[in-house]
Structure formats: structure tokens, C-alpha cells
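Working notes, beginning with the structure itself.
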Amino acid sequence: MIVIDEKRIFDEIEKRRPVSVALNGPDGLLPKIQETASKIMEKFDVPAYVLADTCFGTCDMNTNGAKVLGAEILFHIGHTINSTNFGESVILIDAYDNISFEKVARKCAVELKGKTVSLVTDSQHLLEIEKVKKILEEGGIIVKIGDGKGQLNDGQVFGCEFYPTSQTKNSVDANVFLGQSSFHAAGIALSTGKPTFILDPYFEEIREVTEFSEKLQKKAILSVYKAMEAETFGIVIGLKEGQFSKVTALKFKKELEKAGKKVQLFALTDITDDKLGNLKGIDAFIQVACPRISIDNHFQKPVLSTPQANALLKLLKNENIDGFLQIPHWL
Ligand code: SF4
């Protein structure tokens with residue numbers, strides 16, 4: 001069950017007495033966030049708006065939505081990072097899943113006995129990581145937890161940021177991810193080149209995502225090679241606040257023009273195949289927003305993420321692109 005740290009929200013409202021507040025978080029948490037919003041309205045008699053647009057991370061907090069609504073505080077829920085707030089107006093609220101990993105960790109201890117693994121998870125299961133480490137070690141597994149960096153806590157990854165597993169990749173046999181997210185686990189596999197297992201506490205099963213990640217990798221490489229043939233590129237800047245990379249976009253423009261390509265610049269909030277389909281005369285796109293838009297989705301034309309675009313520039317100079325996704329941060 002997801003548990004939102006409502007006490008911190010209530011204490012903050014009590015202390016600051018805002019005229020109105022806004023709340024948001026990942027799609028999966030919206031029903032819980034609705035409940036919290038209702039409690040705020042009942043307890044404090046102030047409007048509590050739920051910003052219900054898709055929200056994938058702390059890179060996508062929609063502070064503008066809160067501003068337009070006139071909300072004095074935005075409570076951003078569920079993307080636990082190593083900060084508690086962004087300025088006065090954005091408060092980061094923890095939300096943890098209290099499901100136990102005990103049974104699936106014991107299974108894993110038998111399956112991977114004698115191996116050395118890097119133990120890693122996403123925001124919602126961070127509290128379980130030390131408990132699972134103990135179980136695995138008792139079962140004869142050597143467990144490493146890589147250091148956090150930037151916004152990441154120790155043993156935590158985002159969909160595009162993998163510092164803890166990048167740190168341990170040369171000293172482990174495999175990665176073990178706590179949670180249900182194939183999205184995060186596949187990113188770990190791609191960025192480390194190591195076998196990666198999910199410990200799913202709900203189904204109490206261990207799943208390997210290595211094969212799935214290899215398919216994503218093949219697709220990513222194929223797009224880069226297809227883009228080699230393009231004459232006109234569309235470079236798309238994402239307008240979500242934490243994904244805004246105008247400098248990178250202009251760098252790619254300069255490099256591609258040097259290589260004799262034509263470039264048009266675009267900006268979008270949501271980068272989808274439909275939206276890109278409206279743009280004419282473009283052979284391939286580079287989007288400098290969320291790298292997973294390119295890696296995980298299907299597009300009619302090549303749509304490269306930042307690491308893929310860097311690989312393309314290398315290919316255009318006849319340089320080797322081996323392991324271009326095996327980096328700790330895909331931005
Ligand atoms: S993977 Fe995309 S949504 Fe997730 S943190 Fe990175 S840029 Fe944000």
C-alpha cells in the first residue's frame with residue numbers, strides 16, 4: 001500500500017496558512033493524491049487542486065500549472081529525491097510503498113547464491129533496500145549498493161540516471177532491482193550491460209529483463225543508423241521545466257550543419273508521434289527532452305534522444321559508437 005507523508009503536508013499548511021495549494025505526482029498515485037486533497041479541503045477549508053497531467057519525475061513538476069491556479073504551495077508527491085523542497089513554493093513529499101520484499105528476497109537468495117549483485121530501486125521502495133540487503137547477504141550473496149549523485153539517493157535510479165549501478169557495474173555479476181518497473185530495470189540493464197533482475201514483491205517472482213533491454217538497444221541503434229541517411233533534421237526542445245535543454249539543441253544544430261545537414265528547430269510540451277507527424281519536410285528528429293521518449297516508444301521516423309544523437313554525430317565522423325548507452329546519465 002502506498003503511504004503518503006501527509007503529516008508533513010498538514011504541518012506545512014498549518015505553519016504557512018496558504019490561500020490554496022496544488023498537489024501532483026505520478027499517475028499511479030493519483031487516487032491516493034485525490035484522497036489527500038480531500039483531507040486538506042476538509043481540515044483547512046482551502047482549495048486543494050490536483051494537477052492531473054501526466055508527471056513522470058521531478059523533471060516534470062508542472063509548477064506553471066500551480067502558478068496559473070494561484071496555488072501558493074505545490075506539494076509534489078512520490079518522487080523521493082535527496083532534497084526536501086525547491087525554493088519556498090515546491091515541497092517534495094515522500095510516498096512509500098510498504099509492501100514487504102521478504103519472500104521474493106529469500107527466493108532470490110537461493111537463485112543467485114554465490115553471486116555479487118548491485119542492489120537498486122526506485123523512489124517508492126527505498127525504505128526496503130537495507131532489509132533486502134540483509135536477507136540476500138544471509139543467503140550467501142555479496143551485495144553492493146552504489147552511491148547516489150545529483151538528486152539520487154544511494155541505490156536509487158531514475159529512468160535516465162543510473163549513477164549507483166554505473167559505479168558498481170565493473171565489480172558485480174548482475175543488478176537486482178526492487179519493484180515492478182521494467183522501465184527502470186531495462187534502463188539499468190542498458191546502461192550497465194549487465195544481467196538485470198526484477199524482484200517483484202506483488203507477484204513474488206524474479207524476472208530477468210536483459211532480453212527486453214537488448215530489444216530496446218537494437219531499436220535504439222537502428223534509429224541512429226536510419227538517421228544517418230536523413231538530409232533535414234527537426235530538433236525538438238521539450239518545454240517541461242526539468243527537461244528543457246536549449247543549449248544541447250543548439251549544439252546539435254551547429255554540429256549537424258557542419259556535417260552538411262539542414263536543421264529546423266521545434267518546441268513541444270508532449271513529444272508524440274502524432275505531434276511530430278504534423279511537421280513536414282523532416283527526415284529525422286532529435287529530441288533533447290526525456291531520453292526515454294525515444295528509447296521506449298515507437299515513431300514513424302527516427303526520433304533520437306541525446307545519447308543517440310551523440311552517437312549519430314560520431315558515426316558521421318566515422319567514429320565507433322560501441323556502448324553509447326553505457327553511461328550513467330543519458331542527458
Ligand atoms: S527518464 Fe525522463 S521522466 Fe524520468 S527522470 Fe529522466 S527525463 Fe525525467
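Among the residues that make up region 65-80, is at least one of them away from the ligand (no atom under 14 Å from the Cβ) and without any contact (Cβ under 8 Å) to a residue 24 or more places away in the chain?
Kept after step one, since they are away from the ligand (no atom under 14 Å from the Cβ), are these residues of region 65-80: 65-75, 77.
Narrowing the set further to residues that are without any contact (Cβ under 8 Å) to a residue 24 or more places away in the chain leaves 67-68.
Yes, region 65-80 has at least one match.
One residue alone among V303, V288, V224, V247 is outside the structural domain of N62 (by TED's automatic domain parsing), touching a Leu at 6+ places or on another chain (Cβ under 6 Å) and among the hydrophobic types (A, V, I, L, M, F, W, C), and that residue is V224. Note on region 54-108: residues that are buried (at least 18 other Cβ atoms within 10 Å of the Cβ), closer than 23 Å to I40 by Cα, β-branched (V, I, T) and within 19 Å of the chain's Cα centre (by Cα) amount to 5. Identify all residues within region 7-40 that are more than 15 Å from C55 (Cβ to Cβ), free of Cβ contacts under 8 Å to residues at least 40 places away in the same chain and assigned to a helix (DSSP H, G or I); write none if there are none. Scanning region 7-40 gives K7, F10, D11, E14, K15, E35, S38, K39, I40.
At pLDDT below 95 and within 16 Å of the ligand (Cβ to nearest atom) - does that describe any residue in region 36-53? It would help to see each step written out before you state the result.
So in region 36-53, the residues at pLDDT below 95 come out as 53.
Right, trim to within 16 Å of the ligand (Cβ to nearest atom) and you get 53.
Among the residues of region 36-53, at least one is at pLDDT below 95 and within 16 Å of the ligand (Cβ to nearest atom), which makes the answer yes.
When the residues of region 284-301 are narrowed to those that are crowded, with 20+ Cβ neighbours inside 10 Å and in a loop (DSSP other than H, G, I, E, B), which ends up farthest from the ligand (Cβ to nearest atom)? Filtering first and then ranking leaves V288.
Of the residues F244, F158, F197, the single one that is more than 16 Å from the ligand (Cβ to nearest atom) and either within 27 Å of H79 (Cβ to Cβ) or buried (at least 20 other Cβ atoms within 10 Å of the Cβ) (or both) is F197.
The residue that is farthest from the ligand (Cβ to nearest atom), among those in region 219-241 that are buried (at least 18 other Cβ atoms within 10 Å of the Cβ) and part of a loop (DSSP other than H, G, I, E, B), is A230. Looking at this structure, is K226 out of contact with any helix residue (DSSP H, G or I) (no Cβ under 9 Å at 6 or more places or on another chain) and either touching a residue at least 40 places away in the same chain (Cβ under 8 Å) or at positive phi (or both)? So K226 fits the description; yes.
Among the candidates L265, L279, L256, single out the residue that is more than 16 Å from the ligand (Cβ to nearest atom) and either closer than 26 Å to T63 by Cβ or touching a Cys at 6+ places or on another chain (Cβ under 7 Å) (or both).
Numbers: L279 fails: either closer than 26 Å to T63 by Cβ or touching a Cys at 6+ places or on another chain (Cβ under 7 Å) (or both); L256 fails: either closer than 26 Å to T63 by Cβ or touching a Cys at 6+ places or on another chain (Cβ under 7 Å) (or both).
L265 is the lone residue from the list that is more than 16 Å from the ligand (Cβ to nearest atom) and either closer than 26 Å to T63 by Cβ or touching a Cys at 6+ places or on another chain (Cβ under 7 Å) (or both).
Can you tell me which of I33, I40, I9 is under 21 Å from K67 (Cα atoms), touching a Phe, Trp or Tyr at 6+ places or on another chain (Cβ under 6 Å), buried (at least 16 other Cβ atoms within 10 Å of the Cβ) and in the same structural domain as T80 (by TED's automatic domain parsing)? Of I33, I40, I9, the one residue that is under 21 Å from K67 (Cα atoms), touching a Phe, Trp or Tyr at 6+ places or on another chain (Cβ under 6 Å), buried (at least 16 other Cβ atoms within 10 Å of the Cβ) and in the same structural domain as T80 (by TED's automatic domain parsing) is I9.
Scan region 168-177 and give yes if some residue there is under 22 Å from Q308 (Cβ atoms) and over 13 Å from the mean Cα position of the chain (by Cα), otherwise no. Quick ask: steps written out before the conclusion?
First, the residues of region 168-177 that are under 22 Å from Q308 (Cβ atoms): 169.
Adding the requirement that they be over 13 Å from the mean Cα position of the chain (by Cα) leaves 169.
The answer is yes, given that some residue of region 168-177 is under 22 Å from Q308 (Cβ atoms) and over 13 Å from the mean Cα position of the chain (by Cα).
Candidates L256, L279, L216: the one that is surrounded by fewer than 17 Cβ atoms within 10 Å (Cβ to Cβ) and modelled with pLDDT of 95 or more is L279.
Considering (1) out of contact with any Gly (no Cβ under 9 Å at 6 or more places or on another chain); (2) part of a loop (DSSP other than H, G, I, E, B), the lone condition that L136 does not fulfil carries the number (2). Pairs meeting the criteria (first residue in region 281-309 and within 14 Å of H329 (Cβ to Cβ), second residue in a strand (DSSP E or B) and within 12 Å of the ligand (Cβ to nearest atom), beta carbons under 7 Å, at least 6 apart or on different chains) are V288/G238; C290/G238; S305/Q287.
The values are calculated or read from the model by the stated rules, or taken from the named source; none is laboratory data. Quick caveat: nothing in here was measured; it's all calculated off a predicted structure. Every residue, glycine among them, receives a Cβ derived from its backbone with ideal geometry; neighbour counts consider all protein chains shown.
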